[in-house]
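Here the structure comes first, spelled out in structure tokens, and everything after it is commentary.
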Amino acid sequence: MKQMFLTICGLVLLWAIAGASGAQSNVPVLPEAHKPREVKAFGVDAIKAREIAVNQATILVGKLLEENNHTSFKPDKKYVRENLLVDDGKPGPDERNEVFGEQPLKGWIVTFKDSNWWQDIVRRDYEAQRVQRSAARQSDAKRFAVALLVVLAIAHAYIRCNRMTRGRYARWLQAICVGVASVLLAIAMVALAGR
């Protein structure tokens, strides 16, 4: 009964260590000077220009995140279009480009919202970091539990064999158990080093 109680306590302790933390940290505010207002893009037609403008807005937000050391959350075009931009945008001034010949390139302008969308992005980045840390802790806890189970199985096998032989081969059994445990430890170290 005591062994089962200790096992349950150990599993609860591992769950507590490997669980996700719900703590919220202070979200920094992006200075107004760094906050983008609008993005202008040009394309062969208005549809292509709008698509390029949204792509450029997505790249701009990704660069802002990287510059501020937030690399866990990567916003995609859909997220930027739905949450950061005011609407689909508006046509901008056309521009002539000699590469494309006589036909002028159509301009398109997308505008960012005035709301503090930066806090939502940073919050999502912190959440992605927590999920990654939680997954790493749970993976380490699983490895620890498996290693503990193997060590207990080896110790149990040693005690059983020692009792069956009435201690006649105790030194041999100890050497075998230490050898098996060393090989398993070496395999585990190689696996962790390759991670």
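We did not get these values from a lab; they are worked out from the coordinates using the rules stated. Note that this is a predicted model, so its numbers are computed, not measured. FYI the Cβ positions are ideal-geometry reconstructions off the backbone, even for glycines, and counts take in every protein chain you see.
Worth pointing out:
- Out-of-range pairs (alpha-carbon distance over 20 Å; input Lys77/Lys113; Lys74/Lys142; Lys48/Lys74; Lys35/Lys113): Lys74/Lys142; Lys48/Lys74
- Shown for Thr71, Thr58: other C-beta atoms within 10 Å of each C-beta, ranked fewest to most, produce the order Thr71, Thr58.
- In nm, spacing of pseudo-spin labels at Asn83 and Arg137 (7 Å Cα→C-beta vector): 2.4 nm
- When the P(r) is computed for segment 135-193, the part past 15 Å accounts for 57% of the Cα-Cα pairs.
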